[in-house]
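Every number here is computed from the coordinates shown, using simple stated rules; none is lab data. All values reported here derive from a predicted model rather than from experimental measurement. A quick note on method: Cβ atoms are made from the backbone with ideal geometry, for glycine too, and the neighbour counts reach across all protein chains shown.
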Amino acid sequence: MGRYTGPVCRLCRRERQKLFLKGKRCLTEKCALSVRNYPPGRKSRFVRKLSGYGIRLREKQKARRIYGLMEKQFGLLFKKAERMKGVTGVNLLQLLERRLDNVVFRFGFAASRPQARQLVRHGHFLVNGKKVDIPSYSVEVGDEIELRQKSRGLNVVKEGFEAAAEGEGPAWLEFNESELKGKVLRFPAREEMPPIREQSIVELYSK
């Protein structure tokens, strides 16, 4: 599966919103959006009014970039959300939040989702006692995610905890800092997920 390897600050500028793709840097004055609060490109400073399609497209792109998914992967996830019971848009956001790399980020093991994805790929985590190195792995209620013993001295994990200490963790997850282990208590409610207009994404794919 391919992934975006370009400068991530351009993505925040394109969406004109902080996507928190570079961890603590996004909270400082060095954030590219703070310095250049306009989309990249030669004519980007000229504000264009978006069409209805453009608004829906931007919302889909924002969600895709927050969680680091490519176009095909996001489309397959949407189809899965459609087949599930309940509201398609909420189902989609729940599936995104249940990704292992996102859960690792939510626990505070990493300062950003791209960093969490790399940690998962390198096999630093156990799910219910078994090594899982697939970032898209979907966690279930009751799953326990643990940092492997040999990975507990990593500087990147320490930096992640420093960044996470500034905020409060989500209520749908339970974290034991002394054991470096977390548990999924339930699936997240809509108000516990990022401010994404999921209905716009549903309308885009329904065309």
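Go through region 95-117 residue by residue and tally those that are over 17 Å from Glu174 (Cα atoms) and part of a helix (DSSP H, G or I).
The qualifying residues number 7.
Can you name every residue in region 195-207 that is out of contact with any Lys or Arg (no Cβ under 7 Å at 6 or more places or on another chain), part of a loop (DSSP other than H, G, I, E, B) and either basic (Lys, Arg) or surrounded by 14 or more Cβ atoms within 10 Å (Cβ to Cβ) (or both)?
Initially, region 195-207 is screened for residues out of contact with any Lys or Arg (no Cβ under 7 Å at 6 or more places or on another chain), giving 195, 197-199, 202, 205-207.
Filter once more, keeping what is part of a loop (DSSP other than H, G, I, E, B): 195, 197, 207.
Arg197, Lys207 - these are the residues of region 195-207 that are out of contact with any Lys or Arg (no Cβ under 7 Å at 6 or more places or on another chain), part of a loop (DSSP other than H, G, I, E, B) and either basic (Lys, Arg) or surrounded by 14 or more Cβ atoms within 10 Å (Cβ to Cβ) (or both).
Before we move on, is Val127 in contact (Cβ under 8 Å) with a residue 40 or more places away in the chain and over 17 Å from the mean Cα position of the chain (by Cα)? Steps first, please.
Working: in contact (Cβ under 8 Å) with a residue 40 or more places away in the chain: no; over 17 Å from the mean Cα position of the chain (by Cα): yes.
For Val127, the condition - in contact (Cβ under 8 Å) with a residue 40 or more places away in the chain and over 17 Å from the mean Cα position of the chain (by Cα) - is not met.
For (1) in a loop (DSSP other than H, G, I, E, B); (2) closer than 29 Å to Ile201 by Cβ, each residue gets a yes or a no:
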position	(1), (2)
Leu119	no, yes
Pro135	yes, yes
Glu179	yes, no
Gly182	no, yes
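Given (1) aliphatic (A, V, I, L, M); (2) closer than 23 Å to Pro195 by Cα; (3) surrounded by fewer than 22 Cβ atoms within 10 Å (Cβ to Cβ); (4) free of Cβ contacts under 8 Å to residues at least 60 places away in the same chain, identify the lone condition not met by Leu100.
With respect to (1) aliphatic (A, V, I, L, M); (2) closer than 23 Å to Pro195 by Cα; (3) surrounded by fewer than 22 Cβ atoms within 10 Å (Cβ to Cβ); (4) free of Cβ contacts under 8 Å to residues at least 60 places away in the same chain, Leu100 is out only on (3).
Cβ contacts < 9 Å: first residue of a type in the set (Asp, Glu), restricted to region 179-195; second residue crowded, with 16+ Cβ neighbours inside 10 Å, any location; separation 6+ or different chain. Result?
Close Cβ pairs satisfying both conditions: Glu179/Glu146; Glu192/Glu97; Glu192/Pro170; Glu192/Trp172.
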